[in-house]
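Student: I am attaching a structure below and will ask some questions about it afterwards.
The values are calculated or read from the model by the stated rules, or taken from the named source; none is laboratory data. Keep in mind the model is a prediction, meaning the values are calculated, not measured. Backbone-built Cβ (ideal geometry, glycine too); neighbour counts: all protein chains shown. In case anyone asks, the SASA skips ligands and DNA or RNA and just uses the protein heavy atoms, side chains included. Shrake-Rupley method; radii C 1.70, N 1.55, O 1.52, S 1.80 Å.
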Amino acid sequence: GKFGDYGGQYVPEALMPAIEELNDAYERYVLNNEDGFMDDFRARLRDFGGRPTPLQRAGRLSKRYGREVYLKREDLVHGGAHKLNNALGQVLLAKYMGKERIIAETGAGQHGTATAMACAHLDIPCEIYMGKRDINRQRPNVFRMKLNGSEVNPVTVGRGTLKEAISETMRDWATNVEDTHYVIGSVVGPHPFPSMVRDFQAVISEEARTQAHEQMGRLPDAVIACAGGGSNTMGAFAEFVEDDETSLYAVEAGGSTLEVDEEAGVAPNSASLTTGSEGILHGARTLLLQDRDGQIMESHSVSSGLDYAGVGPELAHLVDTGRVTAVNVDDDEALTAFHRLSQLEGIIPALETAHAFGYLEQVAGPDAPADSDEEADDLGEFVVVNVSGRGDKDLESAIEETYERDIDIAPNMDEFTGGL
Amino acid sequence: GKFGDYGGQYVPEALMPAIEELNDAYERYVLNNEDGFMDDFRARLRDFGGRPTPLQRAGRLSKRYGREVYLKREDLVHGGAHKLNNALGQVLLAKYMGKERIIAETGAGQHGTATAMACAHLDIPCEIYMGKRDINRQRPNVFRMKLNGSEVNPVTVGRGTLKEAISETMRDWATNVEDTHYVIGSVVGPHPFPSMVRDFQAVISEEARTQAHEQMGRLPDAVIACAGGGSNTMGAFAEFVEDDETSLYAVEAGGSTLEVDEEAGVAPNSASLTTGSEGILHGARTLLLQDRDGQIMESHSVSSGLDYAGVGPELAHLVDTGRVTAVNVDDDEALTAFHRLSQLEGIIPALETAHAFGYLEQVAGPDAPADSDEEADDLGEFVVVNVSGRGDKDLESAIEETYERDIDIAPNMDEFTGGL
Amino acid sequence: MSLEDAFADGPAFIPYLAAGDPDYESSLEYVEALERGGADIIELGLPFSEPVAEGPTIQNAVVRSLESGMTPTRFFEFVEDLDVSVPLVCMTYYNLIYRYGDNSGPRPFVEKAADVGIEGFVVPDLPAEESDPLREACDEFGLDLVFIVAPTTRGERLERIMQQVSGYVYVQARLGTTGAQTSVSDQTDSSLARLSEYDVPKAVGFGISSGDHAERIVRSGADGIIVGSALVDIVAAGHEDGDDPGTVADRLETLARELKEGALSGASQRPPHSERT
Amino acid sequence: MSLEDAFADGPAFIPYLAAGDPDYESSLEYVEALERGGADIIELGLPFSEPVAEGPTIQNAVVRSLESGMTPTRFFEFVEDLDVSVPLVCMTYYNLIYRYGDNSGPRPFVEKAADVGIEGFVVPDLPAEESDPLREACDEFGLDLVFIVAPTTRGERLERIMQQVSGYVYVQARLGTTGAQTSVSDQTDSSLARLSEYDVPKAVGFGISSGDHAERIVRSGADGIIVGSALVDIVAAGHEDGDDPGTVADRLETLARELKEGALSGASQRPPHSERT
């Protein structure tokens, strides 16, 4: 349960028995494939989830960046993102454990929709906690969850966003811990969540590693993935961690700036790996955006899916040890990358995902500064970028943010400035 | 180019040379795999499109209908529907032919977005004609096309819907026929379009046939697909046509009623196979919704993708010969099926697709009338339903239409009645 | 055949209007004005709901005509009610021809057309490959079947069309759809050159809007000019402005006369070797 | 250790308030009113931005306190400014303890707490498995570390906690988070039974809101009662209604007295064998 100094189980005592029970189930079903759990999981990922996803050569990006750029197409997973890998795994595990009810929290709604889909598929009741303000901003996702038969519980405490929804879900779990499983959406939280979610997401790198061998006859020189909580990141990295020849890049949301406004308690970015400090949040010791007292700061990113003040403890550890390089891409670069991928490859990425492509442009693009040569060389000749999700969910944000920022490669947005 | 009496090439003389050129290219590249065209196409379908799509056993539907129900998951294709199979094929063919420009028309925007994605991927300029009224109703799709770098040309003539957009695209093609390819979106239009689009979509049934053998050790007893123009239908049927043991069901949009208002020139359905009569439209002789004079009637369906007054000539022929059974499902049944699949299987289908599931319910559901026993028996023990597309594009319509109709299994919609 | 006769005395001026645009009575008056303006043949459009070969101008005329209640049956009444002596050609789409009467083919439509005095057909969505049934019916009732030849029509295709055509060949002046243009395409000259060996009158259409155009086209060797959109524009403007139909008819007659005179002037400037024999 | 002493003379009444809720000065007055009402120990909340173990009532108190400018530094000033003589327990989340001072562990925070006179800690997100560093610092500076025992805490886990705990054990009356309830859970009785063999005071919290509750809990064998949300509700209502802090303090004192008397009444009804030795 520990990754260097990170990780652990910092949770209320009432939850500890449930967490021990979960840990036991994790070891039996996930690590030891008891009752064929992992076979069942993989079969459902294939038939329901649409796996394996392709590792696609991106012709026009390869040309632009003067190297072989391959895309791991998690945007093609059922629901439109890697999120289902984890949600399906956990909901299935809950069924194996005999749980009768699923709860989850969601911010932008991606994890909630993935969980709701998995619960409909596996016929188990599901309640999703979501901040009232997020509900108002993400109505299509709310509607999707309800279509899939989930209850969506509005959280009105505080600012009505993700953090309040997390607290409310913890509360529900603490109350109904005996028959209920809480599906955490990323490689965060108390052990075994960071390890378990990584294992469910590791199918990404497992496939990519095999596909790289099949298609290129060798391992990639670099794997690039965006990092918020870090589930797609750890999924894309896990099977490459032992491959020393493959560099791993976690691209964080640089937001508007890496500067922090301590006074207001606001970090206008979500770059915990780059700028965060050690602390304890949501059950684990990890890198956090916090003020000097240890109060958690409000984070920010143009991508709501990266907008989180912490990061998975294992990823923090891999960055500390130097195995993973943490870099960051700001809002403008991410938006530009969003438009570039849409135009050059016919793939509209999630704004989260766009950050990963922003890094490629930053160091290897035609306008990259001269001093980025070394970073560009480090990327090597064969780069895999994890396309963690598709951008359909972000169309409204893309319109709004593109218009505000005046991204020069964007199409004319005038007719959309009132929204879709 | 003929399917019984149907098909042919009823087009303005100015287009005939282009159609002959296209026919030549179709025979060389598609039928004879010249220059490895089909290999290239299949590789791109795999890597860019995400094929093969799963043939998934639907556990809860199988239980409900007392037979093995399998889903062919075209909703997982890049872009969210089978549409890409054809768009990618035609745009690639245009590249092989040396064309320098792509045009297409779109109604609800699905074919337009698929074409725009394919053109971005293959680096060829693209212009999409779309009725002004459709543009206003389908803004997310318009935005997607623009994000992918396509021009979207509003058509303001007449009512500003699909039929005007088709005319306008024909006009563009007639003017720029030498360097431009017109990507028709379904198995309609003059030869070779109906055959060529079928061949590009046939990958659906080719995969499903192999998967059925692998998973069930035999061919399905029935394949069910919705039918508007008929491209997913022909794609799902093509490789099964010679398999006499497999029944084929084309489910048309019954709309609000099969009765026709001759006076107003309106057929409140899109059931050309069931209620249409022989005529000539958009380049082919086929079954049409027309008044007694031969004027084309305004069609209707809750699903804009099925809302077309004609149908592919080959499908019309297969229905005439009895190989395919044409049935229909009305708006209410389709909406109910939309909610049922979302709730039971965690798959939100396109409203088009929901019609196919509506037929299952109609003859094999718990409330099926006693006299449907024979039809239910005809379906057999192993049924494949083609999930032609996902429903993300239909969320707004689903809200509006569900609320109007008061579908009893729907979630409470009150908070969404103002839209998303 | 009577259509070919219309080319006997010099270049033929062939105007087009959609029957019933914007209403039955006005339309009768407008068509008659065309004859007064010098029409040698008149192409009368029977509107179809999906006019894929037309530009926006004629598409809108079709919409107006349909909204005013035009149908195939009314169209035949319209022809009977018309007081003109020049030959009439019916321009429409194949579905209306195919579906008329017993819905089993073009014969009933052709029979009725012959009955009301129509001399021929132009069917823009019916290429030579699909035209046998209509050709047979036309032969049976003695009507001409006019085909369009596009700038892209060459070789075998041209041959096939020229075997089927009668009355006149409709030479499409440029690629695209119908619609008035401000200049004349070079494509016209090469089309006429390709057709010179065929012994059937060549009438050029698509984009002719003025006497100067007409003159230029006929000078290049055309046996006739076909003008639609420029005339329909006058009808549309009159309709929009609420002008008196008589006034609109006068304007049509005036433009018709200009076009006819342009054609005559063009013919007079032709070098002797390009005269039809 | 001084916390355990507070249980010596009968059942201990342990009220909770968030320091600085809704503002520094009023909060001082409110805490002092609790002592007047009969508090034997006071739990003082140092607000953390992510109070995941709290119910909505205390979560809102935390928000008010943070907005009024409460920080760890201000919290220690607050303790120094307080005029109370009963022992104080600091209730907060581990990150604030961990990050204070040189950011390298809990020692600086504990040292400072000892310095201002705090007697112990309750840290709801710090289970026994992760508590060694804090336990060591507490031992060094002579502070107690209170642990929560939940209804689900059994066997080995319970053993581990009871080895670490000092001062008193916080018996969680029912599953869930903090918050006033209208009835007392049966889970309390079985929790107390499980704990009977351990020789450390058992204070029951979660959901106690009235003198009757307090009486019932103490009668069942509890050595003390912990009451938070019911008191915070009074602060919240006073804040919302704009009431004079003196009036709010009186209300707090009144409820405190009721709770204390309930506890005393419960103790007097206990069968002799359940008395602590």
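Student: Report the dimensions of the protein assembly as shown along its three principal axes from the alpha-carbon atoms, largest first, rounded to Å.
Tutor: In descending order, the Cα extents are 134, 76, 65 Å.
Student: Please work out the Cα center distance from the stretch B:80-103 to the stretch A:289-317, rounded to the nearest Å.
Tutor: Distance between centres, Cα-based: 44 Å.
Student: Once you list every other residue whose beta carbon is under 15 Å from the beta carbon of B:GLU27, what net charge do they have if Lys and Arg are +1 and Asp and Glu are -1?
Tutor: Details: positive: B:ARG28, B:ARG198; negative: B:GLU20, B:GLU21, B:ASP24, B:GLU34, B:ASP35, B:ASP199.
Local net charge: -4.
Student: Right, here's the next one. Between chains D and A, what is the buried accessible area in Å², counting both sides, with a 1.4 Å probe and ligands, DNA and RNA left out, to the nearest 100?
Tutor: 3100
Student: Above 22 Å lies some portion of the pair distances; for the stretch C:89-171, what is it as a whole percent of all C-alpha pairs? Please report the intermediate quantities before stating the final value.
Tutor: Working: 641 of 3403 pairs.
In whole percent, the long-distance tail amounts to 19.
Student: Report, for B:GLU404, each distance to the same residue's label point in the other copies, shortest first and in nm; define the point 7 Å along Cα→Cβ.
Tutor: B:GLU404 label point versus its equivalents elsewhere: 3.6 nm.
Student: Which distances in nm, rounded to one decimal and ordered from shortest, link the label point of B:ARG323 to the equivalent label points in the other identical copies, with labels set 7 Å from Cα toward Cβ?
Tutor: In ascending order, 5.7 nm.
Student: Please give the peptides C:240-249, A:351-360 ranked by average Cβ packing (other Cβ atoms within 10 Å per residue), highest first, as a rough proxy for protection.
Tutor: A:351-360, C:240-249
Student: Can you tell me how chain A classifies by the Cα gyration tensor, rounded, prolate or oblate, using a/c under 1.5 as the rounded cut?
Tutor: Rounded.
Student: Springs between alpha-carbon pairs under 10 angstrom, Gaussian network model over chain B: which of B:SER299, B:SER195, B:SER256 fluctuates most?
Tutor: B:SER256
Student: With every protein chain kept in place and ligands, DNA and RNA left out, what is the accessible area per residue of the stretch D:9-267? Probe 1.4 Å, answer in Å².
Tutor: Solvent-accessible surface per residue comes out at 32 Å².
Student: Within 10 Å of each Cβ in peptide A:293-306, how many partner chain Cβ atoms are there on average? Round it to a whole number, please.
Tutor: On the way: counts 13, 15, 12, 5, 1, 1, 0, 0, 0, 0, 0, 0, 0, 0.
Per residue, the average neighbour count from other chains is 3.
Student: Net charge within 13 Å of A:LEU273 by Cβ-Cβ distance, Lys/Arg positive one each and Asp/Glu negative one each, not counting A:LEU273 itself? It would help to have the intermediate numbers written out before the result.
Tutor: Values: positive: A:ARG323; negative: A:GLU252, A:GLU278, A:GLU314, A:ASP320.
Residues near A:LEU273 contribute -3 overall.
Student: Using a 1.4 Å probe on the protein chains only, how many percent of the accessible area of the protein assembly as shown belongs to carbon and sulfur?
Tutor: Ligands and nucleic acids excluded, carbon and sulfur give 43 percent.
Student: Sticking with this structure for a sec: First measure r as the distance between the Cβ atoms of B:ALA370 and A:ALA43, then evaluate 1/(1 + (r/R0)^6) with R0 = 30 Å and state the FRET efficiency to the nearest 0.05.
Tutor: Taking R0 as 30 Å, the efficiency between B:ALA370 and A:ALA43 is 0.20.
Student: Something else about it: Isolated Cys in chain B by the 4.7 Å beta carbon test?
Tutor: By the Cβ distance rule, which asks for a partner under 4.7 Å, the isolated cysteines are B:CYS226.
Student: Would you mind working out the accessible area per residue for chain B, using a 1.4 Å probe, and quoting it in Å²?
Tutor: So chain B comes to 31 Å² accessible per residue, rounded to a whole number.
Student: Shifting gears a bit: Taking only C-alpha pairs under 8 Å that are 6+ residues apart, what is the relative contact order of the stretch D:9-267 in percent?
Tutor: The value is 23 percent.
Student: In Å, what Rg and Dmax follow from the Cα atoms of the stretch A:327-404?
Tutor: Calculated on Cα positions, Rg and Dmax stand at 12.7, 37 Å.
Student: In nanometres, what is the gap between the two model label sites at B:ASP244 and A:MET97, each 7 Å from Cα along Cα-to-Cβ?
Tutor: The two pseudo-label positions are separated by 5.6 nm.
Student: Which value, in nm² and rounded to one decimal, describes the direction-averaged projected area of the C-alpha convex hull of the stretch B:246-287?
Tutor: Computed as one quarter of the Cα hull surface, the answer is 4.0 nm².
Student: Something else about it: Taking each residue of D:60-69 in turn, how many C-beta atoms of other protein chains fall within 10 Å of its C-beta, and what is the average?
Tutor: The shielding value for this peptide is 1.
Student: Per residue of B:392-399, count partner chain C-beta atoms within 10 Å of its C-beta, then hand back the mean as an integer.
Tutor: Details: counts 7, 1, 0, 6, 3, 0, 2, 4.
Per residue, the average neighbour count from other chains is 3.
Student: Take the Cα radius of gyration of the stretch A:153-266 and divide it by 2.2 N^0.38 Å, with N its residue count; two decimals is plenty.
Tutor: Relative to the 2.2 N^0.38 Å estimate, the stretch A:153-266 comes out at 1.38.
Student: Among the listed pairs A:LYS63/A:LYS393; B:LYS163/C:LYS112; A:LYS146/A:LYS393; A:LYS146/B:LYS393, which are separated by more than 23 Å between their Cα atoms?
Tutor: Table pairs above 23 Å Cα-Cα are A:LYS63/A:LYS393; B:LYS163/C:LYS112.
Student: So if I take the alpha carbon set of the stretch B:234-391, get Rg, then get Rh from the Kirkwood formula, what is the Rg over Rh ratio?
Tutor: Across the stretch B:234-391, the Cα-based Rg/Rh ratio is 0.97.
Student: Let me ask another. Is the shape of the stretch A:12-140 rounded, prolate or oblate, going by the alpha carbon gyration tensor and its root eigenvalues a ≥ b ≥ c, with a/c under 1.5 for rounded and a/b larger than b/c for prolate?
Tutor: It is oblate, given that a/c is not under 1.5 and a/b is not larger than b/c.
Student: Moving on to the next point. Summing +1 for each Lys or Arg and -1 for each Asp or Glu, what net charge is found among the other residues whose Cβ lies under 12 Å from the Cβ of A:PRO54?
Tutor: Here the charged neighbours net out to +2.
Student: Here's another thing I want to ask about it. Which positions within the stretch A:242-281 get 50 Å² or more of their accessible surface covered by the other protein chains, compared to the chain by itself, with a 1.4 angstrom probe?
Tutor: Correct list: A:ILE280.
Student: If you take the Cα Rg of the stretch C:9-267 and divide it by 2.2 N^0.38 Å, with N the number of residues, what do you get? Could the numbers behind the result be given before it?
Tutor: Values: Rg = 16.9 Å, N = 259, 2.2 N^0.38 = 18.2 Å.
For the stretch C:9-267, the normalised Cα radius of gyration is 0.93.
Student: Calculate I(q)/I(0) for the stretch A:1-72 by the Debye formula, one identical point scatterer on each C-alpha and no solvent, and give its log10 at q = 0.11, 0.17, 0.20 Å⁻¹ to two decimals.
Tutor: -0.59, -0.84, -0.90
Student: Residues of the stretch B:39-88 that become at least 20 Å² less accessible with every protein chain present than in their own chain isolated, using 1.4 Å: which are they?
Tutor: When all protein chains are present, B:ASP47, B:PHE48, B:GLY50, B:PRO54, B:GLN56, B:ARG60, B:ARG73, B:LEU76, B:HIS78 each give up 20 Å² or more of accessible surface.
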